[in-house]
Each structure stands twice: as structure tokens, then as C-alpha cells.
Amino acid sequence: MNTSSPRLSPADETSRTSILVPRAATIDGFVAAASAGDGLDVRGLEPLTTLHVRTCNSCYRIVIAKGTAVFVQGGRFFAETTDARLEGSSAGGSLLKLGWIGVGLCMELWAQGQRIVTSPVRSITREEPDARPQ
């Protein structure tokens, strides 16, 4: 008597996997989501660049210090301006696009000894510096 389970064909195995694992949780799905949407790499921004990031649940004001070092205010975790590190964006899992804020993805920040993951980003706008002469 054969008690082993029947072997699935590669096509059956693939369709079974796609049912069990959401596309965003796969490397291919994450790469597609990170590449398809709008976004920006904060590592290429000048210090003191100010961004307004709207997520599904909150609004954040982010001022670039240097590289991924930022000052952030907004949401329920940052009532006051707080120094933080913008780790990048994710689909809420373990895959992270470093230094990136992406529309449709969750921002991940490190502040006060903890990782903060926002709801998905809806929009990113750059605050224009005041053009009036000083």
C-alpha cells in the first residue's frame, strides 16, 4: 500500500503556491509593486528638503537631515518632531526597498528604539522653499 501523497505536476504546484502566497509577499510581486508606483529615493535629496507624505491613515512631514536620517512629525507615533531613520518601503512584509518612499507601499521608520510601519502611502509632495527674499 502506497501511503505517500501524489506528486503534483509543476503547473499544479505553481497554481497551488499562488493560492497560498499573496503576490505582494513574493519577490516578483514586491519588485513589480515597488517598480510600478511613483516614489522617490530619499538618499538623493538635499538636506532640509521637506516632504509631505499622506498615507491611508495619517499625514507626515518629513525633513531630510542626511541620507536616510530624517526628522518626522505626524501620525499617532510622532506628535512632536522626532529624529528617525527612514529604512524604506515595504508591502508590509519582510521585503524592503531601502531609502525609498513608494506610493502604494508602507513606509518603515526606525525611531526611539522601535520600528514604525505606516499604512500604505497615497501621495508624496515636496514642500517648495519660500521664494521670498530674506
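For the stretch 104-113, enumerate the residues that are part of a strand (DSSP E or B) and over 8 Å from the mean Cα position of the chain (by Cα). First the steps, then the outcome.
Quick first cut of the stretch 104-113, residues part of a strand (DSSP E or B) only: 106-111.
The answer is LEU109, TRP110, ALA111.
ILE101 fails exactly one of the following numbered conditions: (1) at pLDDT below 95; (2) surrounded by 15 or more Cβ atoms within 10 Å (Cβ to Cβ). What is the number of that condition?
The one condition ILE101 does not meet is (1).
What number of residues in the stretch 71-127 are under 14 Å from TYR60 (Cα atoms), of a type in the set (Phe, Trp, Tyr) and in contact (Cβ under 8 Å) with a residue 60 or more places away in the chain?
0
Would the stretch 111-134 turn up any residue that is touching a Ser or Thr at 6+ places or on another chain (Cβ under 6 Å) and acidic (Asp, Glu)?
Checking the stretch 111-134: at least one residue is touching a Ser or Thr at 6+ places or on another chain (Cβ under 6 Å) and acidic (Asp, Glu).
Considering only strands (runs of 3 or more DSSP E) fully contained in the stretch 1-96, which possess at least 1 residues that are closer than 18 Å to ARG115 by Cα and modelled with pLDDT of 65 or more? Write out each step before concluding.
Values: elements: 39-41, 50-55, 59-66, 69-74, 78-90.
Answer list for the stretch 1-96: 50-55, 59-66, 69-74, 78-90.
Would you confirm whether any residue within the stretch 45-61 is in contact with a His (Cβ under 8 Å, 6 or more places away or on another chain) and buried (at least 17 other Cβ atoms within 10 Å of the Cβ)? Break it down stepwise before answering.
In the first step, residues of the stretch 45-61 are kept if they are in contact with a His (Cβ under 8 Å, 6 or more places away or on another chain); the result is 59-61.
Applying the additional criterion that residues be buried (at least 17 other Cβ atoms within 10 Å of the Cβ) yields 60.
For the stretch 45-61, residues in contact with a His (Cβ under 8 Å, 6 or more places away or on another chain) and buried (at least 17 other Cβ atoms within 10 Å of the Cβ): present.
Got at least one residue in the stretch 114-133 being at positive phi and not in a strand (DSSP E or B)? First the steps, then the outcome.
We begin by selecting, within the stretch 114-133, every residue at positive phi; these are none.
No, the stretch 114-133 contains no residue that is at positive phi and not in a strand (DSSP E or B).
The values are calculated or read from the model by the stated rules, or taken from the named source; none is laboratory data. On a predicted model such as this, the values are computed, not experimentally measured, just so you know. Quick reminder, even Gly has a Cβ in these numbers, built from the backbone with ideal geometry, and neighbours come from all protein chains shown.
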